[in-house]
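**Q** Okay, handing you the structure first.
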Amino acid sequence: MRLLTPIAALLAAHGASAQLHRLAAAAGKMYFGSATDNGELNDAAYVRILTDPNEFGQTTPGNGQKWQFTQPSRGSFSYSSGDQIANFAKTNNMILRCHTLVWHSQLPSWVSSGSWTKEQLTSIIETHIANVAGHYRGQCYAWDVVNEALNEDGTFRTSVFYTVLGESFIPIAFKAAAAADPDAKLYYNDYNIESTGAKQAATLRIIDSIKRAGGRIDGVGMQAHLIVGSTPSQSSLEAAMNSYVAAGISEVAYTELDIRFRSLPPTAAGLRTQADDYATVTRACLAVDACVGITIWDFTDKYSWIPNTFPGQGAALLYDENFSKKPAWTAVSSVLAAAATGGPGPSTTLTTVTTTTRTGAPGPTCTAAKWGKQYFELFLTLRFLPSTRA
Ligand code: XIL
């Protein structure tokens, strides 16, 4: 057991406070992570936070592995954008979630506008996956093999894949991914499948159809692009995750979490509601063993995708545009700290955690036994420190 560094030294060493991944690992989760993108990696202040091993232990490329970038024209593969993020993850000992192989969006028109026979499109999918997942073989903890195949009512979304192949495009993709990267966890990933309903029920049917076709699916990724004040209840979040596990997959994850305001700027009360919503999602993941981790879809409002896609909306992440932590950060950190110590929720804002160097990606098994006492001591100490945040 490592001894606690004196608290003053910890505060000084960390300029206060990065800790989300370390606390998540101490609570028995595999990671707390953030998506990133190529352009942002030129922003030194941004990179400092993303590479803090206490704060983030996992990353996902926001764009670089999508079909549009990896096979922009037929037979011509390009990995420069995806490789930059994969190498960044490796250099910083972060778990890499890979995203995504078959998706109707950001799909080059040579695929979406072609008129294909079943055999031709099957071969196009298999070739794409053999190349892209083959290129990243051994580097991805998980692949989002198929992304967003469903409509809100649980029917299949219209896409070139569904139009030509029907739902069989899904097992075709999962079998190709299993062959190309046998060690990667294979996920179905979608939004609005975080709580029970038509789309969650359809996700269960997808799991079943992959298995019936003799394919392998390991996980369900719940994107969790949520809205402040409309986040599902913890019990509904847990029920959805438990339903996926009951359908025979081994893990689930929140893969693209952000909780946006429908109108801006947020009020102080709105920021507190957002904090509660983030706490709810964090608690749900902690309550379900199969939930391996949480990825936020970037960590700062400076680089969120929301304002581009939902004009007038935003402020969805844990850090604001100037890299200041929002109440939602404090809420997530406090929920994780309470779980890490096994204690009651902290009564004051936690502001730091032990210094550590990243020695490698933490394993999936519970590290709480190793770290628990240390965190409990830290927790007790911090309870008697004045809060440094309003
Ligand atoms: C988004 C990226 O963040 C944007 O930069 C890009 O312009 C559009 O795609 N669901 C997904 C992600 O699975 O790939 C999307 O990412 C967000 C919604």
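The values are calculated or read from the model by the stated rules, or taken from the named source; none is laboratory data. Computed from a prediction, not measured in an experiment: that's the story for all the values here. So basically every Cβ, Gly included, is an ideal-geometry build from the backbone, and we count neighbours across all protein chains shown.
**Q** Pairs under 8 Å by beta carbon, first residue part of a helix (DSSP H, G or I) in the stretch 206-230, partner among the hydroxyl-bearing types (S, T, Y) and within 16 Å of the ligand (Cβ to nearest atom), six or more apart or different chains?
**A** Final answer for the pair search is I206/Y188; I207/Y188; I210/Y188.
**Q** Any idea which of G138, G75, G39 is within 24 Å of Y188 (Cα to Cα) and either touching a Ser or Thr at 6+ places or on another chain (Cβ under 8 Å) or not charged (D, E, K, R) (or both)? Break it down stepwise before answering.
**A** Values: G75 fails: within 24 Å of Y188 (Cα to Cα); G39 fails: within 24 Å of Y188 (Cα to Cα).
From the options G138, G75, G39, the qualifying one is G138.
**Q** With the condition being under 21 Å from D258 (Cα atoms), in contact with a strand residue (DSSP E or B) (Cβ under 7 Å, 6 or more places away or on another chain) and modelled with pLDDT of 95 or more, I'd like the helices (runs of 4 or more DSSP H) fully within the stretch 1-53 carrying at least 2 qualifying residues.
**A** 20-26, 44-50
**Q** Does K90 satisfy being under 19 Å from T163 (Cβ atoms) and either surrounded by 13 or more Cβ atoms within 10 Å (Cβ to Cβ) or among the basic types (K, R) (or both)?
**A** No, not satisfied.
**Q** I'm trying to understand the selection: among the residues of the stretch 129-148, which are assigned to a helix (DSSP H, G or I) and within 16 Å of the ligand (Cβ to nearest atom)?
**A** Correct list: V132 only.
**Q** Another question, if that's okay. Name the residues in the stretch 146-160 that are more than 25 Å from the chain's Cα centre (by Cα) and of a type outside the set (S, T, N, Q), would you?
**A** Correct list: V160 only.
Let's see how each residue does on (1) within 15 Å of G229 (Cβ to Cβ); (2) part of a loop (DSSP other than H, G, I, E, B):
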site: T273; (1), (2): yes, no
site: D276; (1), (2): yes, no
site: T280; (1), (2): yes, no
site: C285; (1), (2): no, no
site: V292; (1), (2): no, no
site: T295; (1), (2): no, no
site: L317; (1), (2): no, yes
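**Q** Next up: Are there any pairs with C-beta distances below 7 angstrom linking a residue in the stretch 177-190 that is under 28 Å from H225 (Cβ atoms) to a residue that is acidic (D, E) and assigned to a strand (DSSP E or B), with the two at least 6 apart or on different chains, and if so which?
**A** Here the result reads K185/E251; Y187/D144; N189/D144, each pair linking the stretch 177-190 to a residue that is acidic (D, E) and assigned to a strand (DSSP E or B).
**Q** Of all residues in the stretch 238-270 being hydrophobic (A, V, I, L, M, F, W, C) and in contact with a Phe, Trp or Tyr (Cβ under 9 Å, 6 or more places away or on another chain), which is farthest from the ligand (Cβ to nearest atom)? Please lay out each step first, then the result.
**A** Initially, the stretch 238-270 is screened for residues hydrophobic (A, V, I, L, M, F, W, C), giving 239-241, 245-247, 249, 252-253, 257, 259, 261, 264, 268-269.
If we keep only those that are in contact with a Phe, Trp or Tyr (Cβ under 9 Å, 6 or more places away or on another chain) as well, we get 249, 252-253, 257, 259.
Working: I249: 19, V252: 16, A253: 13, L257: 11, I259: 14 Å.
Looking at residues that are hydrophobic (A, V, I, L, M, F, W, C) and in contact with a Phe, Trp or Tyr (Cβ under 9 Å, 6 or more places away or on another chain), I get I249.
**Q** Consider A173 carefully, then state whether it is within 16 Å of the ligand (Cβ to nearest atom), crowded, with 17+ Cβ neighbours inside 10 Å and modelled with pLDDT of 95 or more.
**A** Taking the combined requirement at face value, the residue satisfies it.
**Q** Still on this structure: When the residues of the stretch 52-106 are filtered to those that are of a type in the set (F, W, Y) and over 18 Å from the mean Cα position of the chain (by Cα), which remaining residue is farthest from the ligand (Cβ to nearest atom)?
**A** F77
**Q** Quick check on my filter: what residues within the stretch 96-128 are within 19 Å of S209 (Cβ to Cβ), of a type in the set (F, W, Y) and in a loop (DSSP other than H, G, I, E, B)?
**A** Selection gives nothing.
**Q** Output the qualifying pairs, or none if there are none: Cβ atoms under 8 angstrom, residues six or more apart or on different chains, first residue in the stretch 255-282 and within 18 Å of A24 (Cβ to Cβ), second residue of a type in the set (D, E) and surrounded by fewer than 24 Cβ atoms within 10 Å (Cβ to Cβ).
**A** Partner pairs satisfying both residue conditions: I259/D277.
**Q** Let me ask you something else. Output the number of residues of the stretch 209-232 satisfying the condition of being among the small types (G, A, S) and more than 13 Å from D190 (Cβ to Cβ).
**A** 6
**Q** Quick check on this structure: which one of T300, T273 is of a type in the set (V, I, T), within 16 Å of the ligand (Cβ to nearest atom), crowded, with 16+ Cβ neighbours inside 10 Å and modelled with pLDDT of 95 or more?
**A** Only one candidate qualifies: T300.
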